[in-house]
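Reading through the structure tokens given below for one structure.
Just so it is clear, none of the values below were taken in a lab; they were calculated from the coordinates. Only a predicted model underlies this, so the values are computations on that prediction, with no experimental measurement involved. Glycine also receives a Cβ, built like all others from the backbone with ideal geometry; neighbour counts cover every protein chain displayed.
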Amino acid sequence: MSKRTIGSERVKRGMAKMQKGGVIMDVVNAEQAKIAEAAGAVAVMALERVPSDIRKAGGVARMANPKIIEEVMNAVSIPVMAKARIGHISEARILESMGVDYIDESEVLTPADEEFHLLKSDYVVPFVCGCRDLGEALRRIGEGASMLRTKGEPGTGNIVEAVRHIRKVNSQISVLSTKSNDELMTFARDIGAPYELVKEVKELGKLPVVNFAAGGVATPADAALMMSLGADGVFVGSGIFKSESPEKFARAIVRATTNYEDYALLAEISKDLGEPMKGIEISHLQQDERMQERGW
Amino acid sequence: MAITIGVLAVQGAVREHLLALKVLGVKAVSVKKAEDLEGLDGLIIPGGESTAIGRLIREQGLEDRLHSFHKEGKAIFGTCAGLILCSTDKSHKTDDLRLGFIDMEVERNGFGRQVASFETSLNFEGIDQEVEAVFIRAPYIQSVGPDVKVLATFDGKIVAAEQDNVLVTAHHPELTEDYAVLNYFLDKIGK
């Protein structure tokens, strides 16, 4: 067999680049996965419960039953992602052994480690992680994340936190690009980010990995908003299968993500969708109900 | 000769192709709608998810225009998902879009899932040096018709081919700084 190098940074980050401009949808069974694929999802996230149901169920949220993940993997030809708890090495290794295409080290699940994230560079499978600001983004990349998503507030159907987080990351990148090189070490210290990555972001003028938006996308207009704020694509968790007509919402959100600046078309595809998921006002969440606070 | 190349921009690694074209000093534009193809000398169909791109080609009203673009003899280059979309792939069982520009059957995800994705170097017909090749959940070409020229194989599987004005690769030249395959494509337009 000819020489092949697996699990390289280029191969792991490259996979995320192929997802750009697309929608990644949460699904809890094979049937939903097929609906997502037919609607034009670029990947599905296999879960036991969507985030809004995790909120309702309470208790400890863990990696999904491997049987569900396997069913989803067998049902569709698009990539399948799955979530592991923050710092849960064994859940991550189990998912890797199953051949899932991407692991989300996710604050939607109850963290397994309140101090350390996974050393993601150790794995062949690529990881996506959440971030709320540039420091958090670069810490995750430093650990080996190949893709990021701004966290938002999962399971709320409220876009406000997703907007806050992508604006924060973007504005910190703008500030960084105006810094002179002799200011970078202090900047790195202040945001708690690895110096080498701060230098790289300054040179590139952008993050070195793909960055999707997540946590609150409920309508085609929400998806378009995140794209216009500079997201490379969107994750939709509860927004599709907690809406009145999941197939229509799924297709409309896919089209909106591609055509995010075509407002007449956005108006057209937003008609006749039925009710979106019911949202939650963020200020009504208790501090310990805010999933975005998980991660360090 | 100043040429303009379009990159199909409904989903996938669009920016990487636009940047590579820019590095080579070629004018590059994004193509989202049928009218965006006017005046172009060639089109790149990028990597992404072939099911999503195929669905969006139809919904954007691009399918017929892509066929006429092909019939006009304009150059087309498909990478990975683009390869799948350019195939005839008569044996595929779904109603996923196949444009049929190259007479070939394709095995989607033929090299396996993401954990099996890899990089290597390839001998490429018509290019003197080995080319850097990144394969991501890549397809391979199972069989080709009589008018198709095979350009590269890996472990006995066909991974690059051309038929008339259409070039396809299972790997992603746009993820590397090796521009040999892109130059090969641009030379086709010069002919």
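Below, the figures for the structure above:
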| read-out | value |
| --- | --- |
| Cβ charges +1 (Lys, Arg) and -1 (Asp, Glu), total dipole of chain A, debye | 520 |
| Debye, to nearest 20: dipole size of the stretch B:4-190, +1 on Lys, Arg Cβ, -1 on Asp, Glu Cβ | 520 |
| Set of aspartates and glutamates near A:Lys199 by C-alpha distance (under 12 Å), chain-local residues within fewer than 8 positions excluded | A:Asp182, A:Glu183 |
| Dipole-positive endmost among B:Gly39, A:Met147, B:Ser68 within the protein assembly as shown (Cβ charges, Cα centre) | A:Met147 |
| Percent RCO, i.e. relative contact order, over the stretch B:4-190, from Cα pairs under 8 Å lying at least 6 residues apart | 19 |
| Residue pairs, from the table A:Lys206/B:Lys22; A:Lys20/A:Lys179; A:Lys12/A:Lys248; A:Lys12/B:Lys188, whose Cα atoms sit over 21 Å apart | A:Lys20/A:Lys179; A:Lys12/A:Lys248; A:Lys12/B:Lys188 |
| A:Lys34/A:Glu203 FRET efficiency (R0 30 Å; Cβ-Cβ; nearest 0.05) | 0.10 |
| Prolate/oblate/rounded call for the stretch B:69-141, Cα gyration tensor, a/c under 1.5 rounded | oblate |
| For B:Gly110, residues with placed amide H under 5 Å, excluding near neighbours | B:Tyr140 |
| Given charges at beta-carbon only (K, R positive; D, E negative), |dipole| of the stretch B:70-155 in Debye | 380 |
| Charge-dipole axis of the stretch A:35-139 as Lys and Arg at +1 and Asp and Glu at -1 on Cβ define it, positive-most pick from A:Ala61, A:Pro79, A:Cys131 | A:Ala61 |
| Gap separating the Cα centres of the stretch A:148-186 and the stretch B:64-84, nearest whole Å | 38 |
| Residue order, fewest to most beta carbons within 10 Å, for A:Lys151, A:Lys199, A:Lys278 | A:Lys278, A:Lys199, A:Lys151 |
| R0 of 45 Å, Cβ-Cβ distance B:Glu105-A:Phe116: FRET efficiency to nearest 0.05 | 0.40 |
| Charge dipole (chain A, unit charges on Cβ, about Cα centre) - positive-most of A:Gly22, A:Thr219, A:His88 | A:Gly22 |
| Calculated from backbone phi, Karplus (6.51, -1.76, 1.60) coupling profile of the stretch A:205-216 in Hz, x at Gly/Pro | x, 7, 5, x, 10, 5, 10, 8, 9, 8, x, x |
| DSSP beta bridges in the protein assembly as shown [antiparallel fraction, %, rounded to 5] | 30 |
| Label-point gap, in nm, between B:Asn183 and B:Gln142 - each point 7 angstrom along Cα→Cβ | 3.6 |
